[in-house]
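What follows is a short report on a single structure.
Where a number appears in this text, it was derived from the coordinates with a stated rule and is not lab data. Every value quoted in this text rests on a predicted model; they were computed, and no experiment measured them. All Cβ positions, even for glycine, are placed from backbone atoms using ideal geometry, and neighbour counts span all protein chains on display.
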Amino acid sequence: MAFNAVGQFVVLSFPPGQLPSIGQMFSVYHNGLKVGEVKISGPQSENNIVADVIEGHAAVGDKARMQ
């Protein structure tokens with residue numbers, strides 16, 4: 001996961017062929033604790049896709065899980 005604090009978005013990486021749909025929500029976890037929520041917004045490039053931070057925060061190395 002990459003995070004852009006100014007734009008309040010993250011870039012999520014997924015295995016090939018497993019990109020989520022636009023609008024899909026994910027919870028963000030840091031060391032096993034939920035720290036935020038993101039919503040897939042696009043664009044996508046290969047197996048990476050942009051998601052907007054909806055609540056909380058995110059940092060490089062955090063994990064995103066489907067809600």
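Some points to look at:
- Listed values [x] 169; [y] 99; [z] 76, entry calculated as volume of the Cα convex hull per residue in Å³: [z]
- Dipole of the stretch 2-66, positive end: most advanced residue of Phe9, Ser45, Gly61 [Cβ charges, Cα centre]: Gly61
- Backbone N within the stretch 31-67 under 11 Å of label point (7 Å from Met25 Cα along the Cβ vector): 37-39, 54-55, 67
- Under the criterion of Cα pairs below 8 Å and six or more residues apart, the relative contact order for the chain equals 38 percent.
- For the peptides 48-61, 5-18, residues were scored by their other Cβ atoms within 10 Å and the scores averaged per peptide; the highest-first order is 48-61, 5-18.
- For the stretch 2-66, a crude dipole built from +1 on the beta carbon of Lys and Arg and -1 on the beta carbon of Asp and Glu, taken about the Cα centre, is about 140 debye to the nearest 20.
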